[in-house]
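Right, one structure below, let's go through it.
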Amino acid sequence: MAGFTQSMEALITALRKLPGVGPRTAERFAFFLLTQPASVSKEIAQGVMRLKETTRFCRVCYNLAEAELCAVCQDPGRDKTVVCAVEHPKAIIALEKAGQFKGLYHCLLGALSPLDGIGPKDLTIDALRNRLRAGTVRELIVATDSDMEGESTALYLVRELKGLPGLKITRIASGLPMGSNIEFSDQVTLTRALEGRRILT
């Protein structure tokens, strides 16, 4: 019986590793690439390789960067006394588009999820604690998502960091509906959430 070639099967298997890509979508992508000029496949392959070779995480805040420090950490005009903790770099991009936050960020690179085997050591919580212990930060804004994992992470951060001297910990306000993710929110909602943040400790 006729089927996919070995090379096509291999590509479909590889494409299925992408989030949200099931068997049918992977097959559609593979057929699309097969029918396009070789230049299209080459452009995509080169883009992936360039991403892996040049993009890293900032050594201070774990935002996306192409140097040791990201653009936000390099900006001398940012308020270094306020740090906003988020789950993923996508949230930083969304907050920056809103244009209201002028402090620094800390990307946790995930959220606590015991069912998925993600604990505190799998996130950048230790690095955040070390940043805060330096004593220059006066406010930590916890901007994790408002789903179960994000709320659990926020509570954990408060419990772990509330004893640090001179540090105020706030949580973004309910401008973000429960169960939503920061990166999918509009700029007005994000601005209101930041403005209406509440003190946790």
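Return yes or no: is Leu123 free of Cβ contacts under 8 Å to residues at least 40 places away in the same chain, farther than 22 Å from Arg198 by Cβ and surrounded by 18 or more Cβ atoms within 10 Å (Cβ to Cβ)? Before you say what the answer is, go through the steps one by one.
Details: free of Cβ contacts under 8 Å to residues at least 40 places away in the same chain: yes; farther than 22 Å from Arg198 by Cβ: yes; surrounded by 18 or more Cβ atoms within 10 Å (Cβ to Cβ): yes.
Judged against the criteria, Leu123 is a match.
The set of residues in the stretch 38-68 that are of a type in the set (S, T, N, Q) and within 30 Å of Arg129 (Cβ to Cβ) comprises Thr54, Thr55, Asn63. Within the stretch 86-107, can one find any residue that is under 20 Å from Glu195 (Cα atoms) and of a type in the set (Ser, Thr, Tyr)? Yes, the conditions are met somewhere in the stretch 86-107.
Within the stretch 163-183, if we keep just the residues that are loosely packed, with under 13 Cβ neighbours inside 10 Å and at pLDDT 75 or above, the residue that is nearest to Gly117 (Cα to Cα) turns out to be Gly163.
Note on the stretch 59-86: among residues that are hydrophobic (A, V, I, L, M, F, W, C) and in contact (Cβ under 8 Å) with a residue 40 or more places away in the chain, the one that is surrounded by the most Cβ atoms within 10 Å (Cβ to Cβ) is Val86.
Of all residues in the stretch 6-59, those that are β-branched (Val, Ile, Thr) and either in the same structural domain as Leu128 (by TED's automatic domain parsing) or closer than 30 Å to Asp75 by Cα (or both) total 3.
Just one of (1) farther than 20 Å from Asn181 by Cα; (2) of a type in the set (A, V, I, L, M, F, W, C); (3) exposed (fewer than 15 other Cβ atoms within 10 Å of the Cβ) fails for Leu115. It is (1).
The values are calculated or read from the model by the stated rules, or taken from the named source; none is laboratory data. Only a predicted model underlies this, so the values are computations on that prediction, with no experimental measurement involved. We place every Cβ from the backbone using ideal geometry, glycine too, and count neighbours over all the protein chains shown.
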